[in-house]
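Each reported figure results from applying straightforward, stated rules to the coordinates on display, with no laboratory input. Because the structure is predicted, anything quoted here is derived from the model rather than measured. All Cβ positions, glycine included, derive from the backbone under ideal geometry; neighbour counts span all protein chains shown.
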């Protein structure tokens, strides 16, 4: 179903770049490692060969995952002029006296270490559709109430 994955254009581009890297450079690199490991002789007790084959399997699984995401994803464009939080918006909020900045993205490109939160996460879902100055409360994954006020929205 196409609506299972939502990506921003930036997220789509990053996945396409990762896919290209894996299919060209990384695939050739692992193939060379397997070839060299085979030259060591008996592959039944060759840990280098086993490691290379395991890495190859994980890489092929990631290629399949990215291909599936790209084929099923809906790419959303953030409106340039909007007073409301949308997917792709960069939102500055006050959470208990601390200023936090989040970019709302689809689940396939969320990365909390970079401040990119999913539109399906409790905070991301709560922010969607709200305006600067709005005060929002939502339940976090642990059941704790999260209170926040929107300070700024950038598109």
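Looking at the stretch 77-87, which of the residues that are out of contact with any helix residue (DSSP H, G or I) (no Cβ under 8 Å at 6 or more places or on another chain) and buried (at least 16 other Cβ atoms within 10 Å of the Cβ) is nearest to residue 155 (Cα to Cα)?
78
Yes or no: residue 7 touching a strand residue (DSSP E or B) at 6+ places or on another chain (Cβ under 9 Å), assigned to a strand (DSSP E or B) and surrounded by 11 or more Cβ atoms within 10 Å (Cβ to Cβ)?
Against the criterion (touching a strand residue (DSSP E or B) at 6+ places or on another chain (Cβ under 9 Å), assigned to a strand (DSSP E or B) and surrounded by 11 or more Cβ atoms within 10 Å (Cβ to Cβ)), residue 7 qualifies.
Just the residues that are more than 11 Å from the chain's Cα centre (by Cα) and surrounded by 17 or more Cβ atoms within 10 Å (Cβ to Cβ), please, taken from the stretch 10-20.
If we filter the stretch 10-20 for residues that are more than 11 Å from the chain's Cα centre (by Cα), which is where we start, we get 13, 16-20.
If the condition is that a residue be more than 11 Å from the chain's Cα centre (by Cα) and surrounded by 17 or more Cβ atoms within 10 Å (Cβ to Cβ), then 19 is the only one that fits.
Table: residues versus (1) surrounded by 11 or more Cβ atoms within 10 Å (Cβ to Cβ); (2) out of contact with any helix residue (DSSP H, G or I) (no Cβ under 6 Å at 6 or more places or on another chain); (3) not in a helix (DSSP H, G or I).
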{"position": "22", "(1), (2), (3)": "yes, no, no"}
{"position": "30", "(1), (2), (3)": "yes, no, no"}
{"position": "53", "(1), (2), (3)": "yes, yes, no"}
{"position": "64", "(1), (2), (3)": "no, yes, no"}
{"position": "71", "(1), (2), (3)": "no, yes, no"}
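Free of Cβ contacts under 8 Å to residues at least 24 places away in the same chain, under 17 Å from residue 8 (Cα atoms) and loosely packed, with under 12 Cβ neighbours inside 10 Å - does that describe any residue in the stretch 107-119?
Yes - at least one qualifying residue is present in the stretch 107-119.
Considering only residues that are more than 24 Å from residue 7 (Cβ to Cβ) and either part of a loop (DSSP other than H, G, I, E, B) or in contact (Cβ under 8 Å) with a residue 24 or more places away in the chain (or both), which ones fall in the stretch 84-102? Even if it seems obvious, please write down each step before you answer.
If we filter the stretch 84-102 for residues that are more than 24 Å from residue 7 (Cβ to Cβ), which is where we start, we get 94-99.
Of everything in the stretch 84-102, those that are more than 24 Å from residue 7 (Cβ to Cβ) and either part of a loop (DSSP other than H, G, I, E, B) or in contact (Cβ under 8 Å) with a residue 24 or more places away in the chain (or both) turn out to be 94, 95, 96, 97, 99.
Can you pull out the residues in the stretch 120-136 that are touching a residue at least 40 places away in the same chain (Cβ under 8 Å), surrounded by 12 or more Cβ atoms within 10 Å (Cβ to Cβ) and within 20 Å of residue 75 (Cα to Cα)?
127, 128
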